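Student: Dumping the structure here so I can ask a few things about it.
The values are calculated or read from the model by the stated rules, or taken from the named source; none is laboratory data. Note that the structure is a prediction, hence the values are computed from the model and not measured. We place every Cβ from the backbone using ideal geometry, glycine too, and count neighbours over all the protein chains shown. The protein model used for the area step is the full one, side chains on, heavy atoms only, and it has no ligands, DNA or RNA in it. Shrake-Rupley method; radii C 1.70, N 1.55, O 1.52, S 1.80 Å.
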Amino acid sequence: MHLSSRVIGIPDSITMKLNERAIALAEEGKVIYNLSGGQLPIKPLPEFVEKIHHQLNFLKSYQYCPSAGFPGLRKKLLKHFYETRELAAELLETSFDCILSNGSKHSIYEALGAVIDPGDEVILLAPFWVSYPEMIKFWGGIPAVVKSNVFDAFVPAIDDIRKIMSPRTKCIIINSPNNPSGVHYSEAWMKEFAAFLKDYPNLVVISDEVYSEISYFDPKPSYFYQYDHSLINQTIIIRAISKTLASTGLRLGWTIAPKTVVDAMSRIQGQTTSGPNSLIQRALMDFDLSHIDSFLVPVRNHIRSNAATLREKFREGNLGHCWYQSTSAFYFLIDFSRTPMFGRFDNVEGDDHSYKIADELLHQEGIAVVPGHDFGMPNTARISLVIEEIPFQEAITKIIRYLHKVS
Ligand code: PMP
């Protein structure tokens with residue numbers, strides 16, 4: 001059967017592929033440190049699990065919901081958003097709405113579908129989450145990438161965003177806290193971004209905030225629209241339970257956006273998935289969202305401790321120049337290009353060796369990482385900070401040893 005030209009170019013998810021290879025090696029008896037995970041390896045809050053149990057008794061929990069989700073939950077999430085971001089209720093209650101989808105990946109996909117015409121450019125700030133470019137291309141859009149580097153802790157400069165703007169630019173995606181760098185953009189950055197947006201009132205901003213509650217270094221993440229409330233009108237916000245409630249498999253995400261956008265997304269959703277998971281929505285409706293914060297306290301402590309291990313090991317290994325302070329989410333991006341091991345590779349601008357390096361790390365050291373190429377960062381790899389402290393320390397010791405291997 002001939003496949004469509006639209007799907008032929010879609011690559012496999014590299015994270016999934018690596019995970020499979022790491023599992024296969026572990027099954028052969030090799031000791032594998034799997035640092036490729038993009039999820040918390042813990043169960044959600046017992047109170048939330050209890051709410052799911054409770055819903056099992058109701059017929060409605062198994063039936064279709066309205067295509068944008070249950071109205072009560074949509075209202076609750078909209079209210080939770082403006083209260084936690086300290087925005088005035090009047091600003092959002094009349095002109096904004098919330099739509100739930102099957103995970104926030106699905107929310108982003110529909111949001112892009114609602115605003116992009118073929119040929120429109122969408123600005124991505126590298127490093128970016130791997131799925132953005134493919135989703136943009138699926139709707140006929142063109143990714144335009146702004147770069148950053150380890151010296152700036154992978155935070156792109158606003159001037160570079162300004163330089164890449166063109167008459168075809170429709171949208172920009174920002175993701176703070178960021179996957180894969182594990183940093184959130186500072187208040188100063190957000191203020192400068194707000195000032196930049198004043199010059200571009202038609203630029204749509206998709207603000208992917210799925211990690212916003214996972215930060216372990218003050219000041220906490222803040223957002224440009226908190227510094228100039230009028231900017232909310234050009235913003236689409238993405239949230240989820242995947243990361244903050246350790247529930248990636250339950251597939252529930254949501255979008256807060258101007259009503260016209262939510263209506264358009266609801267039409268896409270109504271003709272594709274019909275609507276999001278009823279059972280989990282009804283459990284979330286009953287759940288006190290303020291409990292997420294205390295649930296995350298030990299998670300933040302754990303990630304902060306592993307981040308401190310990184311700092312110590314990089315310093316001890318004389319690789320301080322390749323280290324930056326991660327602050328949020330649960331990732332860190334290793335830049336190989338400034339380490340001794342990179343002498344074995346061509347250092348030609350634009351060439352990427354991150355797949356080869358990830359393969360060597362897996363086969364020589366038993367460490368599974370995610371190559372940075374698909375995050376828009378050649379010659380880097382993402383590691384995850386969620387594994388237990390002792391195996392994490394062992395894994396980082398092995399990585400530092402590998403970074404010094406010159407033959
Ligand atoms: N945005 C970012 C930045 C992510 O890292 C992820 C998951 N890795 C998602 C969105 C999608 O998460 P989900 O579909 O599980 O809600």
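Student: Can you list the strands (runs of 3 or more DSSP E) lying wholly within region 80-172 that have 1 or more residues being over 24 Å from GLY372 (Cα atoms)? If you could, list the steps in order and put the result at the bottom.
Tutor: Details: elements: 96-101, 121-125, 142-146.
Hits in region 80-172: 96-101.
Each row is one residue, and each column tells you yes or no for (1) in contact with a strand residue (DSSP E or B) (Cβ under 9 Å, 6 or more places away or on another chain); (2) more than 21 Å from LEU333 (Cα to Cα); (3) modelled with pLDDT under 95.
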site: TYR132; (1), (2), (3): yes, no, no
site: VAL145; (1), (2), (3): yes, no, no
site: ARG162; (1), (2), (3): no, yes, no
site: CYS171; (1), (2), (3): yes, yes, no
site: PRO180; (1), (2), (3): yes, no, no
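Student: Another question, then. Among residues belonging to region 236-274 that are away from the ligand (no atom under 16 Å from the Cβ) and either open to solvent by less than 10 Å² (accessible area, probe 1.4 Å) or not in a helix (DSSP H, G or I) (or both), point out the one that is nearest to ALA111 (Cα to Cα).
Tutor: Per the criteria, the residue is VAL262.
Student: Taking into account only those residues within region 160-180 that are more than 16 Å from the ligand (Cβ to nearest atom), out of contact with any Phe, Trp or Tyr (no Cβ under 8 Å at 6 or more places or on another chain) and not hydroxyl-bearing (Ser, Thr, Tyr), which is most open to solvent (accessible area, probe 1.4 Å)?
Tutor: My answer is LYS163.
Student: How about region 1-19: which of its residues are surrounded by 10 or more Cβ atoms within 10 Å (Cβ to Cβ) and without any contact (Cβ under 8 Å) to a residue 40 or more places away in the chain?
Tutor: Listed by number, the residues that qualify are MET16, LYS17.
Student: Among the residues of region 41-58, which ones are under 15 Å from MET285 (Cα atoms) and free of Cβ contacts under 8 Å to residues at least 60 places away in the same chain?
Tutor: Within region 41-58, VAL49, GLU50, HIS53 meet the criteria.
Student: Test of understanding: among GLU394, GLU349, GLU388, which residue is within 23 Å of SER242 (Cα to Cα) and either open to solvent by 40 Å² or more (accessible area, probe 1.4 Å) or among the aromatic types (Phe, Trp, Tyr) (or both)? Spell out the reasoning first.
Tutor: On the way: GLU394 fails: within 23 Å of SER242 (Cα to Cα); GLU349 fails: within 23 Å of SER242 (Cα to Cα).
Result: GLU388 is the single residue among GLU394, GLU349, GLU388 that is within 23 Å of SER242 (Cα to Cα) and either open to solvent by 40 Å² or more (accessible area, probe 1.4 Å) or among the aromatic types (Phe, Trp, Tyr) (or both).
Student: Kindly evaluate SER278 against the criterion of being away from the ligand (no atom under 12 Å from the Cβ) and under 15 Å from ALA68 (Cβ atoms).
Tutor: Working: away from the ligand (no atom under 12 Å from the Cβ): yes; under 15 Å from ALA68 (Cβ atoms): yes.
Yes: the conditions hold for SER278.
Student: A follow-up question, please. Name the residue, out of LYS30, LYS60, LYS105, LYS79, that is outside the structural domain of SER222 (by TED's automatic domain parsing), modelled with pLDDT of 90 or more and of a type in the set (Lys, Arg). Break it down into steps so the answer makes sense when it comes.
Tutor: Details: LYS60 fails: outside the structural domain of SER222 (by TED's automatic domain parsing); LYS105 fails: outside the structural domain of SER222 (by TED's automatic domain parsing); LYS79 fails: outside the structural domain of SER222 (by TED's automatic domain parsing).
Result: LYS30 is the single residue among LYS30, LYS60, LYS105, LYS79 that is outside the structural domain of SER222 (by TED's automatic domain parsing), modelled with pLDDT of 90 or more and of a type in the set (Lys, Arg).
Student: Here's a follow-up. May I ask you to say which residue of GLU86, GLU90, GLU134 is at positive phi and surrounded by fewer than 18 Cβ atoms within 10 Å (Cβ to Cβ)? Even if it seems obvious, please write down each step before you answer.
Tutor: Working: GLU90 fails: at positive phi; GLU134 fails: at positive phi.
None of the other options fit; the residue is GLU86.
Student: Which of the residues spanning region 294-308 are surrounded by fewer than 18 Cβ atoms within 10 Å (Cβ to Cβ) and over 19 Å from the mean Cα position of the chain (by Cα)?
Tutor: Correct list: SER294, VAL297, PRO298, ASN301, SER305, ALA308.
Student: Turning to a different aspect of this structure: For SER207, are the conditions met, namely being farther than 23 Å from ALA381 by Cα, within 16 Å of the ligand (Cβ to nearest atom) and out of contact with any Lys or Arg (no Cβ under 9 Å at 6 or more places or on another chain)?
Tutor: yes
Student: Can you say whether TYR64 is more than 25 Å from the chain's Cα centre (by Cα) and within 18 Å of LEU252 (Cα to Cα), as far as the supplied structure shows? If you could, list the steps in order and put the result at the bottom.
Tutor: Numbers: more than 25 Å from the chain's Cα centre (by Cα): yes; within 18 Å of LEU252 (Cα to Cα): yes.
Judged against the criteria, TYR64 is a match.
Student: Please work out if VAL386 is under 16 Å from the mean Cα position of the chain (by Cα) and in a loop (DSSP other than H, G, I, E, B). Spell out how you get there, then give the answer.
Tutor: Values: under 16 Å from the mean Cα position of the chain (by Cα): yes; in a loop (DSSP other than H, G, I, E, B): yes.
Yes; evaluated as a whole, the condition is true for this residue.
Student: Would you pick out the residues in region 275-293 that are open to solvent by 10 Å² or more (accessible area, probe 1.4 Å), among the hydrophobic types (A, V, I, L, M, F, W, C) and in a loop (DSSP other than H, G, I, E, B)?
Tutor: LEU289
Student: Separate question: Looking only at region 221-231, which residues are more than 15 Å from the ligand (Cβ to nearest atom) and under 26 Å from ARG251 (Cα atoms)?
Tutor: Keep residues of region 221-231 that are more than 15 Å from the ligand (Cβ to nearest atom), which gives 222, 224-231.
Hit for region 221-231 is SER222, nothing else.
Student: Among the residues in region 309-323, are any part of a helix (DSSP H, G or I), in the same structural domain as VAL386 (by TED's automatic domain parsing) and aliphatic (A, V, I, L, M)? Spell out the reasoning first.
Tutor: Narrowing region 309-323 to residues part of a helix (DSSP H, G or I): 309-316, 320-322.
Restricting the remaining residues to those that are in the same structural domain as VAL386 (by TED's automatic domain parsing) gives 309-316, 320-322.
Narrowing the set further to residues that are aliphatic (A, V, I, L, M) leaves 310.
Yes, region 309-323 contains a residue that is part of a helix (DSSP H, G or I), in the same structural domain as VAL386 (by TED's automatic domain parsing) and aliphatic (A, V, I, L, M).
Student: Every residue in region 26-68 that is outside any loop (DSSP other than H, G, I, E, B), open to solvent by 50 Å² or more (accessible area, probe 1.4 Å) and within 16 Å of the ligand (Cβ to nearest atom), please.
Tutor: The answer is ASN34, and nothing else.
Student: Scan ALA111, ALA157 and give me the residue that is closer than 23 Å to VAL210 by Cβ and either outside the structural domain of ARG338 (by TED's automatic domain parsing) or surrounded by fewer than 21 Cβ atoms within 10 Å (Cβ to Cβ) (or both). Explain how you work it out, then say what you get.
Tutor: Values: ALA157 fails: closer than 23 Å to VAL210 by Cβ.
ALA111 is the lone residue from the list that is closer than 23 Å to VAL210 by Cβ and either outside the structural domain of ARG338 (by TED's automatic domain parsing) or surrounded by fewer than 21 Cβ atoms within 10 Å (Cβ to Cβ) (or both).
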